[in-house]
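> Let me begin by handing over the structure; questions about it come next.
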Amino acid sequence: MSGGKLLSLPRSFPRLPDSRTLSSPSLLRRTLRPRESDSMSQTSESDVGIFCFASPLPGFRGVLKQRYSDFIVNEVDTNGVVVHLTCCDAPSENADVSNCIPILENEESKPWNGSDVSFAAEVDSFKSIGGVADAEALKNFLDQIKLGVTESLPPMLLSPDPDKCHRTAVHNFFKSNFKFLITDTVEGPDSLSKCVRVRFYASKQHGGGRNAKKRKMASSDSVEGESFQPFDSRGAKNWPDNIGKFLSFHLYKENKSTQEALSVIGKMLGVQQRSFGFAGTKDKRAITTQKVTLFKQRAKRLASLNDRLIGIKVGDFRYVEEPLVLGQLSGNRFIITLRGVESDSLEVIKAAADGLGRSGFINYFGLQRFGSGSVPTHLIGASLLRGEWKAAVDLILDPRDGERAVVKEAREYYKTSGDVEGTLRRLPRHMVAERAILQGLKKCPGNYLQALKTIPRTMRMMYVHSYQSYLWNHAASLRVQKHGSSKLVVGDLVYSRENCSEKMIDAPEIEYEDEFSNDEYACNGLDDDSQTEVLADKIESVKVLNDKDLEFGDYSFEDVVLPLPGSRVIYPMNDIASVYHDLAEKDGISLTEGSHNVKEFSITSLTGGYRRIFQRPVDYQWEIVKYTDPNISLSETDLDIIGKTTANGDTHVTCMSVEKTETSPLKEKEIEGSEVVNMDRENDAKQENKVVGEQVDSTGLKLSFTLPSSCYATMAIRELLKISTSVAFHKTLNE
């Protein structure tokens with residue numbers, strides 16, 4: 001596609017104005033900015049800046065997620081290994097766990113046994129890590145504990161430390177030498193530094209007594225409105241020292257969100273949600289497999305749930321020393337089947353499938369990023385960035401289109417009555433953000449900022465990150481619209497190869513690829529500490545292209561990145577920078593000056609980051625399949641493979657083959673309905689009722705590919721079909 005020319009779009013798809021229109025900032029704002037009158041309707045792709053395509057190839061008709069088994073996702077861990085469920089049995093309790101379990105903790109570390117314990121050697125050793133001043137502070141802190149002054153003992157803050165690697169060393173030192181102390185990282189005296197905080201862990205075995213829980217949950221221990229909550233230790237008494245504290249397992253789920261599945265498991269085990277760790281949220285309307293960690297629980301106990309779990313299976317157990325945290329993955333492997341594929345000719349479908357592997361797609365943030373409801377999350381984010389706390393609360397609580405009757409009635413009741421307690425009784429418990437706000441208003445009536453801070457941090461920051469994504473999408477559309485998707489221009493930003501000794505990854509955005517679930521599950525993000533440190537390296541590696549760079553040809557369009565607004569990013573040194581400032585100004589937001597002094601909701605306190613404009617699917621394969629029964633599954637799942645192997649006489653499945661990584665299309669094959677086992681476990685009566693009368697051949701397109709964790713598979717499908725990926729649109733195709 002040549003620069004400045006619009007790709008051929010289907011008649012139903014909104015067009016982006018030509019480059020002459022976009023050259024006018026006022027027209028740009030009116031064109032790209034979603035109309036306020038549309039805020040209560042379903043969010044469309046054009047509302048959030050999704051306009052362009054990477055290839056001029058025509059699309060075709062196809063239905064996405066007609067059945068949840070048409071969307072299979074397997075997590076890819078940080079070592080690049082695809083996560084599969086291969087065995088549902090617990091390892092033998094008599095097995096020599098030392099052969100497979102890493103022992104990272106110093107077994108000679110001293111627990112708290114009373115006032116007669118001396119820690120002089122440990123304090124002296126700490127001087128080499130924390131310095132003399134912090135070592136002296138630690139000695140005084142330990143002396144207070146030895147004297148029994150623990151009821152009112154405040155946490156100890158170590159000196160400000162901007163070096164994450166050094167902070168990690170400090171955390172590990174305390175973990176190895178002081179089992180009765182807990183450390184975490186909190187904000188330092190300025191925005192660029194952080195401090196390690198040290199607290200006494202007052203459990204029963206450490207002499208905490210019956211008030212230990214109260215001390216742990218005390219509001220005085222809170223940071224920015226969030227109380228410290230250690231892992232739920234029920235069932236963890238007498239845990240052996242020779243195995244890891246965390247049970248790692250593979251979670252296989254069907255048509256459930258990650259949080260739903262873990263909630264079911266947690267209730268059956270009697271443990272709370274905070275005991276689980278996972279790297280990223282996976283789709284609800286899909287079949288997915290991912291890694292999860294659980295604090296101090298036996299594999300045998302968890303494996304025993306498999307016979308009682310519906311749509312969930314757990315397996316591949318091992319004990320590890322560290323829990324999983326958000327963002328601790330490299331990507332996801334997708335197997336996606338498009339049903340009801342139709343086009344003027346089979347060659348159009350083949351060309352489009354080949355083109356996706358060759359040309360890739362524009363790396364937009366998908367509609368899932370902005371919520372599936374009628375109030376997009378970026379509008380809430382804009383209110384927070386402006387400091388309009390009540391407006392943000394109203395956007396979260398007010399009635400909205402398309403919700404279930406019980407939720408709609410609860411919202412209407414609050415809007416007309418203002419009765420907080422009555423609304424809480426009416427509002428379902430899964431409405432996390434809404435209930436948190438109401439609980440905050442119940443405690444502090446009229447304090448809307450404090451009410452917003454009662455929302456879990458990862459969820460409330462989702463709103464601000466959504467606004468960053470909104471600006472990024474518009475900038476990406478303008479970049480492709482004005483300069484095409486194949487050439488570089490002076491002022492573009494790229495990751496500098498001169499300063500980068502290892503492969504750079506995209507900004508640490510957690511993938512949330514679940515447009516069919518409720519908004520309350522779209523609430524994951526990285527903690528500030530890890531995000532800041534990762535982005536710091538990436539920001540230093542950004543280069544502004546000049547004439548010589550274009551002449552030498554060392555970079556390609558695949559290297560071009562655009563910033564997610566923040567205090568530590570630079571903008572392109574060309575006309576693309578204006579879209580950020582123009583749209584933000586239209587929303588009453590300055591990208592260079594904060595509107596208020598609440599750091600977490602201030603654009604100038606956000607670090608920001610960079611994201612590649614273009615993404616090509618990795619290990620890409622496709623095949624055309626034929627089917628006669630719309631109720632059959634066209635792809636094998638991990639559970640299907642385990643079932644087949646067990647049926648052949650094997651009682652344990654210890655390994656399985658990984659898909660081939662061919663770049664050419666797979667050989668076309670016919671899949672007759674009578675020959676395929678019905679492995680779809682959906683109880684979709686509406687869909688099954690369609691199977692009446694004479695069955696006819698239908699065409700499907702099955703794709704397999706891997707994407708980095710920050711990329712949206714729906715954007716790859718959009719590039720292929722050249723139609724919207726909105727839920728409402730694909731529901732109409734499914735009717």
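> When ranked by the protection proxy of mean other Cβ atoms within 10 Å per residue, highest first, what sequence do the peptides 264-275, 458-469, 481-492 form? Mind dumping the intermediate values first?
Working: 264-275: 16.6, 458-469: 23.4, 481-492: 18.8.
Answer by packing, highest mean first, reads 458-469, 481-492, 264-275.
> What FRET efficiency do you get for residue 267 and residue 490 if R0 is 60 Å and r is their Cβ-Cβ distance, rounded to the nearest 0.05?
Between residue 267 and residue 490 the formula returns 0.55.
> Quick check for me: using +1 on Lys/Arg Cβ and -1 on Asp/Glu Cβ, what's the dipole size of the stretch 561-629 about its Cα centre, in debye to the nearest 20?
Numbers: 7 positive and 9 negative charges, 44 e Å.
That gives the stretch 561-629 a dipole magnitude of about 220 debye.
> Of the peptides 342-355, 290-303, how do they stack up when ordered by the mean number of other Cβ atoms within 10 Å, highest first?
Taking the mean over residues of other Cβ atoms within 10 Å, the ranking is 290-303, 342-355.
> Hey, if we sort 705, 278 by accessible area with the 1.4 Å probe, largest down, what's the order? Intermediate values should be presented prior to the final figure.
Values: 705 0, 278 30 Å².
Order by accessible area, largest first: 278, 705.
> Need the full-extension length gain, residue 143 to residue 570, defined as separation in residues times 0.36 nm minus the C-alpha distance. One decimal, nm.
148.8 nm
> Each label point is 7 Å from the Cα along the Cα-to-Cβ direction; what then is the distance between the points at residue 321 and residue 241, in nm?
Placing both labels 7 Å beyond Cα along the Cβ direction yields 1.4 nm.
> Sequence-distant or interchain residues sharing an amide H contact under 5 Å with residue 496, placed H: which?
HN-HN under 5 Å from residue 496: 542, 543.
> Go ahead and collect, in residue order, the members of the stretch 276-308 whose backbone nitrogen is under 14 Å from a label point 7 Å along the Cα-Cβ direction of residue 89.
It comes to 300, 303-304, nothing else.
> Grab the Cα-Cα distance for residue 184 and residue 551, subtract it from 0.36 nm times how many residues apart they are, and report the gain in nm with one decimal. Show your work: numbers first, answer last.
Numbers: separation 367, 0.36 × 367 = 132.12 nm, distance 4.93 nm.
Computed gain between residue 184 and residue 551 is 127.2 nm.
> Okay, moving on. With a 1.4 Å probe and all protein chains in place, put 147, 329 in order of accessible area, largest first.
Values: 147 135, 329 20 Å².
Greatest to least solvent exposure: 147, 329.
> With +1 on each Lys and Arg Cβ and -1 on each Asp and Glu Cβ, how big is the dipole of the stretch 287-395 about its Cα centre, in debye rounded to the nearest 20? Write down the numbers at each step before the final one.
Values: 15 positive and 10 negative charges, 138 e Å.
Approximately 660 debye in magnitude.
> Next up: Taking the solvent-accessible surface of protein heavy atoms with a 1.4 Å probe, what is the per residue accessible area of the stretch 240-325 in Å²?
Numbers: 2850 Å² over 86 residues.
With all protein chains present, the stretch 240-325 gives 33 Å² per residue.
> Sorted by accessible area (1.4 Å probe), largest first, how do 480, 82 line up? Don't skip to the answer; put the middle values down first.
Details: 480 0, 82 30 Å².
In descending accessible area the options line up as 82, 480.
> How would you order 304-311, 546-553 from highest to lowest mean count of nearby Cβ atoms within 10 Å? Mind showing how you got there, number by number?
Details: 304-311: 12.4, 546-553: 10.5.
Final packing ranking: 304-311, 546-553.
> For the stretch 332-420, with every protein chain kept in place, what is the accessible area per residue (1.4 Å probe, Å²)?
Working: 3090 Å² over 89 residues.
Here the per-residue accessible area is 35 Å².
The values are calculated or read from the model by the stated rules, or taken from the named source; none is laboratory data. As the structure is a computational prediction, the values presented were derived from the model and not from experiment. Here Cβ is always computed from backbone atoms with ideal geometry, including for glycine, and neighbour counts include all displayed protein chains. Each accessible area value is taken on the protein alone, full model and side chains, heavy atoms only, with ligands, DNA and RNA left out. Shrake-Rupley method; radii C 1.70, N 1.55, O 1.52, S 1.80 Å.
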